[in-house]
Structures are given as structure tokens and as C-alpha cells.
Amino acid sequence: MLPSYEEMPAAEAEEKVEQPKLYKVLLHNDDYTTMEFVVAILESIFNMPEDQAIQVMLNVHVRGVGVAGIYTFEVAEMKVAKTEAAARENEFPLLCTMEEA
């Protein structure tokens, strides 16, 4: 016979699961990387629609730095590596970094 609902032990208080820290992936302006290349990177690696990619590229161009996205550490690290690899492959000095959000 199964115990009645009243006889069942009370559930333990749920443990709080901490959200992982998030990191901003930043693109830095330079005098050699073309605007078109930055837009292409934002569309291909960061999956941005063209109008948003253009806006971020303009932020990089005008302000010197722009946020390409905010991700968990591993995803941010991978996107930085892919961006810098694509830049080097195309002979651009584009700098991509990450910092805690």
C-alpha cells in the first residue's frame, strides 16, 4: 500500500543554482579592417541581421569599440577565437576581446 500524501516526507528546500557569469565580446576599431569585413563577421559569427550588424559596426567605428554579443565564458571565448582567426585569414588586424558583463 502506498503512503498517503500527508505521510510523505517534505521536499528539501531547492538548492539555488547560480547563473553562469556572462561576458561581453568586444570588437575594437583599427585603421585597416574594412567596415564590410566587420559587418560580415557580425552576420556570420554573431548571427546578427544586417541592419543590427551595421549599427554595431558603426559603434565600433565611431566609439572605438562595440559589443558584438553577451555570452557565457565558453561561448564568448569561442567567438573571440573564430573572429580573430577569420581576421588573420583575411589579413586584417581586427582585435576582438571579452570582458565580464
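The values are calculated or read from the model by the stated rules, or taken from the named source; none is laboratory data. Since the structure is predicted, the reported quantities are computational estimates derived from the model, not experimental observations. We place every Cβ from the backbone using ideal geometry, glycine too, and count neighbours over all the protein chains shown. What goes into the accessible areas is simple: the full protein's heavy atoms, side chains included, and nothing from ligands, DNA or RNA. Shrake-Rupley method; radii C 1.70, N 1.55, O 1.52, S 1.80 Å.
Summary of computed values
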item	result
Flag if THR97 is surrounded by 14 or more Cβ atoms within 10 Å (Cβ to Cβ), in contact with a strand residue (DSSP E or B) (Cβ under 8 Å, 6 or more places away or on another chain), at pLDDT 95 or above and not aliphatic (A, V, I, L, M)	yes
Test for GLU50: is it at pLDDT below 95, of a type in the set (D, E, K, R), on the phi < 0 side of the Ramachandran plot and out of contact with any strand residue (DSSP E or B) (no Cβ under 9 Å at 6 or more places or on another chain)	no
Every pair of residues 6+ apart whose Cβ atoms lie under 7 Å, when the first sits in the range 22-38 and is more than 20 Å from GLU50 (Cβ to Cβ) while the second is in a loop (DSSP other than H, G, I, E, B) and of a type in the set (Phe, Trp, Tyr)	TYR32/PHE92
Residue that is least open to solvent (accessible area, probe 1.4 Å), among those in the range 10-66 that are touching a Phe, Trp or Tyr at 6+ places or on another chain (Cβ under 9 Å) and assigned to a strand (DSSP E or B)	VAL25
Selection status of GLU89, at pLDDT 95 or above and open to solvent by 90 Å² or more (accessible area, probe 1.4 Å)	yes
Boolean, VAL67 is on the phi < 0 side of the Ramachandran plot and touching a Gly at 6+ places or on another chain (Cβ under 9 Å)	no
Subset of the range 69-100 (residues that are of a type outside the set (Phe, Trp, Tyr), touching a helix residue (DSSP H, G or I) at 6+ places or on another chain (Cβ under 9 Å) and not in a strand (DSSP E or B))	LYS82, THR83, ALA86, ALA87, ASN90, PRO93, LEU94
Residue count, the range 72-86 (criterion: in contact with a strand residue (DSSP E or B) (Cβ under 6 Å, 6 or more places away or on another chain) and surrounded by 14 or more Cβ atoms within 10 Å (Cβ to Cβ))	5
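Okay, residues lined up against (1) hydrophobic (A, V, I, L, M, F, W, C); (2) without any contact (Cβ under 8 Å) to a residue 24 or more places away in the chain:
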site: ILE45; (1), (2): yes, no
site: GLN55; (1), (2): no, yes
site: THR72; (1), (2): no, no
site: ALA86; (1), (2): yes, no
site: ALA101; (1), (2): yes, no
